[in-house]
Amino acid sequence: MANPRQLRSLIFNSSFGAATVALAIAFLLVAVAPQPAQAQTYSVIHNFSGGEDGGTPEAGVTLDGAGNLYGTASIGGDGYGTAYKLKRSGSNWLLDPLFSFDLSDGGLPRARVIFGRNGTLYGTTAEGGTYGPGTVFNLRPFPTVCKTSICPWMETVLYNFTGGADGAYPGFGDLLLDPAGNIYNTTFAGGNGNGVVYKLTPSGGGYAESVLYSFSGPDGSGPLSGVISDSAGNLYGTTYA
């Protein structure tokens, strides 16, 4: 099975081509009711440059109650990806870089950011952190009122993966947060070498990790997506191989 770096190269090269890897767009499709379903308009609301705003977004966006969009880009910023906000300004959209990853605090964010009950953002990086194979992080505004057009947020790393039994290289899956504040997701590698399903539990001002399942190969390998839960608390997901 390809490792995450090989897989990343494969996805980038097959999807975009090496010359256009940093070029991507955010877009908007508008249905015009009550016209037929095919009556749509398409608008590019941001062209990523690969610089401060980021490049090669691999995840979708998250919408807040005010209609702003939040997402991640896997490269750009300080070189290891960004988290951003797109907000309306009249008929235009303005991108606000919320955070730029420098590898020590995470790198290569490949999944969406999602809102927790406290109104802050949660997400993962596929690389970086203290040990190298990725992080789970939280982003929130600074406590002081921002008086400029660009308002960065501050990051807290909730968990640093070691690459061992606890897992390594979180993939494209959204985090799942339950009402008690626990966090669930998967890693592409680690555990028995084929990835894990894990749970992060609030503990002593931080988070403690427990591995719920470690894949061995015949039962699945390399989960790239997240998990969902039913009303009984059972988790469902997929493996890449």
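Key figures
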read-out: The one condition in (1) over 19 Å from the mean Cα position of the chain (by Cα); (2) open to solvent by less than 50 Å² (accessible area, probe 1.4 Å) that VAL145 fails to fulfil; value: (2)
read-out: Single residue of the stretch 159-176 satisfying the filter (assigned to a strand (DSSP E or B) and over 14 Å from the mean Cα position of the chain (by Cα)) that is surrounded by the fewest Cβ atoms within 10 Å (Cβ to Cβ); value: ASN160
read-out: Conditions (1) at pLDDT 95 or above; (2) more than 20 Å from the chain's Cα centre (by Cα); number of the one not met by GLY204; value: (1)
read-out: Every residue from the stretch 120-159 that is among the basic types (Lys, Arg) and more than 23 Å from LEU63 (Cβ to Cβ); value: LYS147
read-out: Selection count where residues are among the hydroxyl-bearing types (Ser, Thr, Tyr) and under 15 Å from TYR240 (Cβ atoms), scope the stretch 177-212; value: 2
read-out: Test: GLY237 is surrounded by 20 or more Cβ atoms within 10 Å (Cβ to Cβ) and of a type outside the set (Lys, Arg); value: no
read-out: Subset of the stretch 61-80 that is open to solvent by 40 Å² or more (accessible area, probe 1.4 Å) and either closer than 16 Å to HIS46 by Cβ or touching a residue at least 24 places away in the same chain (Cβ under 8 Å) (or both) - its residue that is nearest to the chain's Cα centre (by Cα); value: VAL61
read-out: Residue within the stretch 222-230 that is in a strand (DSSP E or B), open to solvent by 60 Å² or more (accessible area, probe 1.4 Å) and within 21 Å of THR120 (Cα to Cα) present; value: yes
read-out: Filter result for ARG140 (among the basic types (Lys, Arg) and within 16 Å of ASN68 (Cα to Cα)); value: yes
read-out: Every residue from the stretch 177-201 that is of a type in the set (A, V, I, L, M, F, W, C) and either under 20 Å from THR125 (Cα atoms) or within 17 Å of the chain's Cα centre (by Cα) (or both); value: LEU177, ILE183, PHE188, ALA189, VAL196, VAL197, LEU200
read-out: GLY193 being open to solvent by less than 60 Å² (accessible area, probe 1.4 Å), touching a residue at least 60 places away in the same chain (Cβ under 8 Å), of a type outside the set (Ser, Thr, Tyr) and assigned to a loop (DSSP other than H, G, I, E, B); value: no
read-out: Strands (runs of 3 or more DSSP E) wholly inside the stretch 50-158 containing at least 2 residues that are of a type in the set (Val, Ile, Thr); value: 121-125, 135-141
read-out: Test: residue in the stretch 201-208 that is part of a strand (DSSP E or B), touching a residue at least 40 places away in the same chain (Cβ under 8 Å), open to solvent by less than 50 Å² (accessible area, probe 1.4 Å) and of a type in the set (A, V, I, L, M); value: no
read-out: From GLY119, GLY129, residue being more than 14 Å from the chain's Cα centre (by Cα) and buried (at least 16 other Cβ atoms within 10 Å of the Cβ); value: GLY129
read-out: Cross-chain or 6+ apart pairs with Cβ under 8 Å, the stretch 26-45 first and farther than 16 Å from LEU86 by Cβ and at pLDDT below 70, then open to solvent by 70 Å² or more (accessible area, probe 1.4 Å) and not aliphatic (A, V, I, L, M); value: ALA31/GLN40; VAL32/GLN40
read-out: Qualifying positions in the stretch 60-93 - modelled with pLDDT of 95 or more and among the aliphatic types (A, V, I, L, M); value: VAL61, LEU63, LEU69, ALA73, ILE75, ALA83, LEU86
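The values are calculated or read from the model by the stated rules, or taken from the named source; none is laboratory data. Everything quoted here is computed from the prediction, not taken from an experiment. Neighbour counts are summed over all protein chains in view; Cβ atoms, including those assigned to glycine, are modelled from backbone coordinates with ideal geometry. Side chains included, ligands, DNA and RNA excluded: accessible areas come from the protein's heavy atoms. Shrake-Rupley method; radii C 1.70, N 1.55, O 1.52, S 1.80 Å.
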